[in-house]
Amino acid sequence: MAKVLVVTSGKGGVGKTTSTAALGAALAQSGQNVVVVDFDVGLRNLDLVMGAERRVVFDLINVVQGDARLSQALIRDKRCETLSILPASQTRDKDALTSEGVARVMDELREKFDWVICDSPAGIERGAQLAMYHADMAVIVTNPEVSSVRDSDRIIGLLDSKTQKAEQGEKVEKHLLLTRYDPARAARKEMLSVEDVLEILSIPLLGIVPESEDVLKSSNVGAPVTLAAPTSLPARAYFEAARRLSGEKLEVSVPVEKRGFFDWLFKRDA
Amino acid sequence: MSFLSNIFARRQQSSSVAKDRLQILLAHERGAGEAGESDLIRQLHKEIMEVIARHVAVDQDKVQIKVDRGSGCSMLEIDVEVPQQLSGKRVS
């Protein structure tokens with residue numbers, strides 16, 4: 001049974017696109033068929049982060065409007081054959097996405113793939129609501145920072161009210177992905193800790209992605225961090241998060257480079 | 001030494017300040033989203049203010065009401081800052 005997952009946050013710049021690419025690739029690297037769908041019409045970036053920007057011919061809006069078939073718009077990743085991307089349009093009006101059209105495309109994607117991962121635009125407007133509407137599961141990407149936590153709380157409220165699942169009286173399965181986390185600063189109480197954020201948002205923790213140079217380096221070269229730097233700390237965090245999404249029970253910890261005092265100090269059981 | 005401990009003390013606070021601010025703010029915002037809870041908090045705030053104002057002069061802003069949503073139980077916390085001299089009479 002295909003799972004539709006939305007990667008969302010409310011606030012921009014917290015790592016939605018990076019996380020969509022990394023989680024999508026990590027799931028695909030485990031052999032599952034994955035498509036990542038860019039819902040950020042007008043400001044598409046998923047294709048760029050995944051290094052497929054020069055291979056875009058048709059996009060989500062072409063398919064939604066019936067100008068292209070789904071198979072024409074899907075781009076298969078060159079490094080991982082079970083990974084595909086459905087890009088967003090850069091030029092068109094965001095109102096070009098109709099609810100009916102999106103519903104039809106999502107049904108078609110569900111038949112072809114094991115995972116349909118939707119990269120939501122920032123904000124809480126129509127685009128974000130369309131991206132989350134069909135979701136079975138949601139990954140809420142949050143930075144340990146007040147404005148991001150507040151916006152995540154708003155998005156959690158929307159997931160509980162404005163999705164198809166909510167309308168049917170069911171719940172979207174929600175997971176918190178804490179990104180750009182700096183364990184040293186959190187230990188010095190300069191940054192909200194994992195526990196603080198979990199206490200405020202009270203949804204289960206999917207993973208902790210540490211602040212890392214590898215994320216920028218990977219996007220520079222157009223590859224998900226799990227493909228470009230598979231042994232790096234953020235990649236390890238994303239691999240583990242992907243395994244948890246697939247149903248494995250794994251303890252969440254902040255991935256740390258060195259074993260020793262700091263490892264012990266920053267290990268989290270949450 | 002005291003200089004160092006000052007810096008340390010100030011650092012220690014910023015994440016807990018962030019957490020407290022968020023909890024107060026979100027208690028309000030969550031209320032606004034969910035009709036039931038919002039009415040409850042607004043009504044509670046109004047009536048608590050009325051009762052207190054009968055006896056002491058307090059500032060509207062010095063009364064904080066927050067609800068912590070938990071899975072098992074929720075906690076209602078009422079925090080009233082009362083002025084130093086309690087006259088027992090209402091000052092208006």
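Observations
- Chain A - mean residue ellipticity at 222 nm from DSSP helices (-39,500 (n - 2.57) per run, n ≥ 4, rounded to 500): -11000 deg cm²/dmol
- Gyration tensor (alpha-carbon) shape descriptor, region A:137-223, a/c threshold 1.5: oblate
- For region A:56-198: rounded, prolate or oblate by the Cα gyration tensor [a/c cutoff 1.5]: prolate
- Value of Rg to Rh for the protein assembly as shown (Rh from inverse mean 1/r over Cα pairs, i.e. Kirkwood): 1.05
- The mean count of C-beta atoms from other chains within 10 Å of the C-beta of residues in A:150-159, rounded to a whole number, is 2.
- Order by protection proxy (mean Cβ within 10 Å, highest first), peptides A:50-58, A:10-18: A:10-18, A:50-58
- Peptide-level mean, for A:209-221, of C-beta atoms on other protein chains within 10 Å: 0
- Each label was represented as a point 7 Å from its Cα along the Cα-to-Cβ direction; for residue A:214 and residue A:171 these points are 3.3 nm apart.
- Note on the protein assembly as shown: with neighbouring protein chains present and a 1.4 Å probe, carbon and sulfur make up 50 percent of its accessible heavy-atom surface.
- Sorted peptide list for A:23-31, A:216-224, A:125-133, A:95-103, criterion being average Cβ within 10 angstrom, highest first: A:23-31, A:125-133, A:216-224, A:95-103
- Taking 32 Å as the limit for the C-alpha separation, the pairs A:174/A:217; A:174/B:66; A:217/B:66; A:174/B:62 exceed it in the case of A:217/B:66; A:174/B:62.
- Here the calculated FRET efficiency for residue B:74 and residue A:184, from their Cβ-Cβ distance with R0 = 30 Å, stands at 0.30, rounded to the nearest 0.05.
- The A and B chains share an interface that buries close to 1400 Å² of accessible area, total over both sides, probe 1.4 Å.
- For chain A, the solvent-accessible area of protein heavy atoms averages 44 Å² per residue (probe radius 1.4 Å; ligands and nucleic acids excluded).
- The slack in the chain from residue B:46 to residue B:21, taken as 0.36 nm per residue of separation less the alpha-carbon distance, amounts to 6.8 nm.
- Region A:1-136: C-alpha gyration tensor shape, a/c 1.5 cut-off, then a/b vs b/c: rounded
- Other protein chain Cβ atoms within 10 Å, averaged over every residue that makes up B:13-24: 5
- Relative packing of peptides A:235-242, A:195-202 - highest average C-beta neighbours within 10 Å first: A:235-242, A:195-202
- Members of A:162/B:46; A:16/A:112; A:162/A:249; A:3/A:112; A:11/A:162 lying beyond 21 Å, as alpha-carbon distances in this model show: A:162/B:46; A:16/A:112; A:162/A:249
The values are calculated or read from the model by the stated rules, or taken from the named source; none is laboratory data. As the structure is a prediction and not an experimental result, all values here were calculated from the model. Backbone-built Cβ (ideal geometry, glycine too); neighbour counts: all protein chains shown. Accessible surface is based on the protein model in full, side chains and every heavy atom, while ligands, DNA and RNA are left aside. Shrake-Rupley method; radii C 1.70, N 1.55, O 1.52, S 1.80 Å.
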